[in-house]
Each structure stands twice: as C-alpha cells, then as structure tokens.
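The values are calculated or read from the model by the stated rules, or taken from the named source; none is laboratory data. For clarity, every value in this text was computed on a predicted model and none was experimentally measured. Glycine gets a Cβ as well: all are built from the backbone with ideal geometry, and neighbour counts include every protein chain shown. Note: areas computed on protein heavy atoms with side chains; ligands, DNA, RNA excluded. Shrake-Rupley method; radii C 1.70, N 1.55, O 1.52, S 1.80 Å.
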Amino acid sequence: AQSVTQLDSQVPVFEEAPVELRCNYSSSVSVYLFWYVQYPNQGLQLLLKYLSGSTLVESINGFEAEFNKSQTSFHLRKPSVHISDTAEYFCAVSEGGNDMRFGAGTRLTVKP
Amino acid sequence: NAGVMQNPRHLVRRRGQEARLRCSPMKGHSHVYWYRQLPEEGLKFMVYLQKENIIDESGMPKERFSAEFPKEGPSILRIQQVVRGDSAAYFCASSQYRDMNTEAFFGQGTRLTVV
C-alpha cells in the first residue's frame, strides 16, 4: 500500500524568499501525485497534480512540483512566496481508484 | 455552484452521545469520500460512497461508525457512543467520476470534540 511522508511539519520563511516543501512516497506500483492547499478556515483545494507525461507540473499561482521516480519524491517549490501563501499544504498519492493517501501536512508561514 | 458543504463546522459531544456529520456534495457529483484527520496526522481515508451504495469502507472502524449516502439528501457519517479518541476533523470530498484522479473537491470539515 502507498504511504506519504512530509518531512517538515512547519516551514517559516520571509516574504519573497524561495521555499521547498518536501514530500516522499512509497509504493510498489505507478502512482498519481497531488498537492492540496488548505487556507485558514477553508477546505482543501487542489494545487497541482501529476498523472503522467512531463514530470514538472505547475500551478496557476507560481508553485511547481517535480516527480522524481528514482527518489520517490514530489517536492513542491516556489521561487518567491507571498504572505497570501500562508497555509497548510498536503501531499497525497494514489495508486488509482478511490483511495488517496495524504501526508501529515506542512504548515507554511510567510512572514513580512 | 456551491462547493462541498459540511455541517456543522464544529460539534461538541459528551462521551457516549451520538455524532452526526453531514456532507452535501457539489452539484452533479455522485461520489463521496470521508476522511478523518487526527491531531498532527494526515488525512486518513475512511469510506467511499456512491448514491445509496457503500463502495469501499476499508478505512472505517469496525464498530460505532457508519455512513450513508441516500438517494435524496446529504451523506451522513454517524458515530455512536463517541469516545475522546474520536475527536478529530472529518473531511468530506466529492467527485464527478469514480476515479479520484479527476479533481476531488473537499469541504471545510467538521471538527468534532468529545468532552
């Protein structure tokens, strides 16, 4: 069965600094990978996903993630963060079907 | 088109009482998923339902927990005789198709506190 590890529970950064949120997964088969974001007092929203094709996927608000099969990783990056990026970020993996496994989450706090 | 609606947002129950959590999927979505998030842990899959059917309940505790998704009305997650360990955030998601690799939309969650 698949599992997800988010290595950092909290990441504080200053505004306009780059950030990387790490995610590693384990699975014996091909997987689909997701990043969800949860803003305060809101539900989870899909940020980006990798299903197949290009290993680099991007979101509309400047985040990107790269699927690295050899390292079983799907780290999320942004070259310059904004205050509004403060949120909790969840990495998730699916082997297809209806069971999506989530990591414990990384709380990103962007400070002025 | 309203998003996935969960209510109540916060629920406090005494040990031994019943908790009922409601989830209205997005319009046009007939697939509903329930997840539980314990403190300091990730979301864990509980159950997947399609209208009037439980498709996969492999993540549901064997006792006290049940779920339904009737033909009319919201999906209900019911926890009988709650205990302190049931305190958690419960999230519902819905999708248009069975395969969650199409986008699944999540509600804001219900935070259950058992006192």
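Couple of notes before you dig in:
- The residues of chain A expose, per residue, 48 Å² of accessible area to a 1.4 Å probe.
- For a straight C-alpha distance cut-off of 26 angstrom, the lysines reachable from A:K78 (same-chain residues fewer than eight places away being disregarded) are A:K49, A:K69, A:K111.
- Accessible area per residue was computed with a 1.4 Å probe on protein heavy atoms; B:R36 scores about 50 Å².
- Evaluating 6.51 cos²θ - 1.76 cosθ + 1.60 at θ = phi - 60° for every residue in the range B:30-43, the Karplus couplings come out as 10, 10, 10, 10, 10, 10, 10, 10, 7, x, 6, 10, x, 6 Hz, glycine and proline recorded as x.
- Backbone phi angles across the range B:48-59, fed through the Karplus curve with coefficients 6.51, -1.76 and 1.60 (θ = phi - 60°), yield HN-Hα couplings of 10, 10, 10, 2, 6, 10, 8, 8, 8, 10, 5, x Hz in residue order; Gly and Pro are listed as x.
- In this rough spin-label picture, where each label sits 7 Å from Cα along the Cβ direction, the B:V83-B:R15 distance is 1.0 nm.
- Once C-alpha pairs closer than 8 Å and six or more residues apart are averaged by separation and normalised to the residue number of the range A:52-93, the relative contact order reads 25 percent.
- Counting Cβ atoms of other protein chains within 10 Å of each residue's Cβ and taking the mean over peptide A:101-109 gives 3.
- Residues whose placed amide H lies under 5 Å from that of A:L47, excluding near-sequence neighbours: A:W35, A:Y36, A:V37
- Here r is the Cβ-Cβ distance between A:S30 and B:E72 and R0 is 30 Å; the resulting FRET efficiency, rounded to 0.05, is 0.20.
- Counting protein heavy atoms only, the range A:21-112 has 48 percent of its accessible area on carbon and sulfur, 1.4 angstrom probe.
- The range B:1-61 versus the range A:1-59: alpha-carbon centroid distance in Å: 22
- Chains A and B, summed buried accessible surface - 1.4 Å probe, Å², nearest 100: 1600
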